[in-house]
Structures are given as structure tokens and as C-alpha cells.
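A short write-up of the structure that comes next.
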Amino acid sequence: MDFLFESLAKALDLILAFDPDVYQAVWTSLYVSIIAIILSTLLGVPAGLAIGIGRFPGRRITITLLNTLMALPTVVVGLVVYGFLSRMGPLGQWGLLFTPWAMVVGQVILAVPIIANYTLGALSAADERILPTALTLGASRLQGSLQLLQEIRFGAMAAVIAGFGRVIAEVGVAMMLGGNIRSYTRTMTTAIALETSKGEFAFGLALGLFLMGVALLVNLFLNLLQQR
């Protein structure tokens with residue numbers, strides 16, 4: 001127990017002293033995850049809506065595939081994206097590998113199925129008469145879809161929160177595509193893994209406290225929106 005208390009005290013010292021390595025990892029995690037979740041929302045929510053209100057051949061197979069993609073192993077995503085972005089890959093000339101943008105690509109691939117599936121789930125619980133009623137009243141299909149999205153907004157927000165939780169706590173993609181480069185692509189999760197393996201438990205604990213704090217703030221924000 002003494003070891004844990006001493007490590008906690010050192011972790012708080014690192015936070016209060018504004019240790020540059022700690023805050024750089026926090027900043028990298030936040031801006032990469034925020035960019036990834038914005039892009040994922042722009043792709044995932046419309047995809048969930050389209051699948052939910054659409055009636056097309058292969059819809060059931062599409063939903064099954066979407067459910068499967070929610071459980072994508074992060075290392076497999078990292079491996080595939082690595083192959084595309086490496087110098088010998090088809091996108092190697094872009095020079096994205098071991099940059100924050102490579103991590104964004106991997107995180108978007110992980111988050112889109114989650115957001116789309118949660119949106120689809122929220123849509124299935126909504127009143128089926130919303131879209132037909134809007135169309136009957138003269139709304140276009142786009143306007144009707146936006147009205148439907150308005151009705152399931154809390155479910156859509158929960159989908160975005162779930163996607164953000166997936167990407168902010170992700171290790172495999174960040175390690176493989178970012179390279180864990182200090183002050184450039186080192187995130188909270190990759191830094192925790194590295195520093196703990198080096199015996200720097202207090203440093204990892206400081207980042208762990210930040211990670212838990214981010215999760216708490218995100219959930220508080222969702223609760224405030226629901227109350228309003």
C-alpha cells in the first residue's frame with residue numbers, strides 16, 4: 001500500500017508541477033481524438049440514419065457487418081492501415097505514417113461502426129411515424145431525416161460519447177501508426193504503457209488520472225445535455 005500512496009503523491013506532484021511530458025501526451029491524445037470523433041460523427045451518424053430508414057437488398061447483412069465491425073481488434077486495424085501508409089503501400093507517398101494524422105485515420109475506422117450502430121439502435125426505438133408524417137406535411141426527405149435526428153438526439157449524443165471513449169482509450173492503433181514519438185505522437189495510453197514498462201509507475205499513474213478525468217468530464221457533459 002505504501003508503494004501505491006507514494007506513487008499517487010508523485011503523480012499529483014507531476015500534475016501540479018505541469019510536467020511537460022505529461023501535458024504533451026495529454027494534449028496529443030485530446031486533439032487527435034477530437035479530430036477523429038468529429039470526422040467519425042460526420043460519417044457514422046448519417047450512415048446509421050441511412051441504414052435505419054433505408055429499405056434495400058442486403059440491409060440485414062449490412063447490419064450484421066456493422067455489428068461485427070464494432071469488435072474490430074485495434075491491432076488488426078493498425079496492421080491494415082500501416083500497410084496502406086507505409087512507404088511500400090499505395091498511400092506511402094503521402095508520408096502519413098508515424099504522424100498524428102495516421103492515428104486519426106485508424107481511430108476513425110474504429111469509431112465509425114460504433115457511432116453508426118448506436119445511432120441505428122436509437123433509431124429503432126423512435127416512433128416510426130416521424131419520417132412519414134414529415135414527408136406527408138411537405139418536408140423533403142433530407143428535412144424529414146433531420147427531424148428524425150432531432151428526435152433521437154440523445155441517442156446520437158450517446159453514440160458520439162461511446163465513440164470518443166473508444167478512441168481516447170485506444171492503444172494498439174496509436175502505437176502502430178503513431179510510433180509513440182515523444183512530443184509528437186505519444187498519447188496518454190501509449191505513454192502509460194511505455195513508462196510503466198520502464199518502471200515509471202508514478203508517471204503512468206499521472207496520465208491515468210488525466211484519462212479518468214477526461215472520461216468523467218465527457219459523461220458529465222452528456223448528463224447536463226440530457227437534463228437540459
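The values are calculated or read from the model by the stated rules, or taken from the named source; none is laboratory data. Not measured: the values here are computed from a predicted model. Cβ: placed from backbone, ideal geometry, glycine included. Neighbour counts: every protein chain shown.
Identify, please: which residue in the range 26-41 is of a type in the set (A, V, I, L, M, F, W, C) and in contact with a Phe, Trp or Tyr (Cβ under 7 Å, 6 or more places away or on another chain) and is, among those, surrounded by the fewest Cβ atoms within 10 Å (Cβ to Cβ)? Give the derivation first.
Applying the first criterion (of a type in the set (A, V, I, L, M, F, W, C)) to the range 26-41 yields 26-27, 30, 32, 34-39.
Cutting the leftovers down to in contact with a Phe, Trp or Tyr (Cβ under 7 Å, 6 or more places away or on another chain) gives us 26, 37.
Details: Val26: 20, Ile37: 24.
Residue satisfying both the conditions and the ranking: Val26.
Residue check: is Val45 closer than 24 Å to Thr190 by Cα and of a type in the set (A, V, I, L, M, F, W, C)? Give the derivation first.
Values: closer than 24 Å to Thr190 by Cα: no; of a type in the set (A, V, I, L, M, F, W, C): yes.
No, not satisfied.
For the range 176-203, a residue qualifies if it is in contact (Cβ under 8 Å) with a residue 60 or more places away in the chain and among the small types (Gly, Ala, Ser), and the qualifying residues are Gly178, Gly179, Ser183, Ala191, Ala202.
Results for (1) surrounded by 18 or more Cβ atoms within 10 Å (Cβ to Cβ); (2) touching a strand residue (DSSP E or B) at 6+ places or on another chain (Cβ under 9 Å); (3) modelled with pLDDT under 90, shown as yes or no for each residue.
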residue	(1), (2), (3)
Ala9	no, no, yes
Gln24	no, no, no
Arg55	no, no, yes
Val76	no, no, no
Phe84	no, no, no
Leu96	yes, no, no
Met103	yes, no, no
Val108	yes, no, no
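Scanning the range 94-134 for residues being free of Cβ contacts under 8 Å to residues at least 24 places away in the same chain, within 22 Å of Gly172 (Cβ to Cβ) and not in a loop (DSSP other than H, G, I, E, B) gives a total of 2.
I'd like the full set of residues that are assigned to a helix (DSSP H, G or I) and of a type in the set (Gly, Ala, Ser), limited to the range 193-228.
Ala193, Ser197, Ala202, Gly204, Ala206, Gly208, Gly213, Ala215 - these are the residues of the range 193-228 that are assigned to a helix (DSSP H, G or I) and of a type in the set (Gly, Ala, Ser).
Scanning the range 151-196 for residues that are crowded, with 19+ Cβ neighbours inside 10 Å and charged (D, E, K, R) yields Arg166, Glu170, Arg186, Glu195.
Identify all residues within the range 120-142 that are within 28 Å of the chain's Cα centre (by Cα) and surrounded by 10 or more Cβ atoms within 10 Å (Cβ to Cβ); write none if there are none.
Of the residues in the range 120-142, the ones within 28 Å of the chain's Cα centre (by Cα) are 120-126, 142.
Of everything in the range 120-142, those that are within 28 Å of the chain's Cα centre (by Cα) and surrounded by 10 or more Cβ atoms within 10 Å (Cβ to Cβ) turn out to be Leu120, Gly121, Ala122, Leu123, Ser124, Ala126.
Evaluating Phe5 against the criteria (1) loosely packed, with under 15 Cβ neighbours inside 10 Å; (2) under 24 Å from the mean Cα position of the chain (by Cα); (3) among the hydrophobic types (A, V, I, L, M, F, W, C) leaves one unmet condition, (2).
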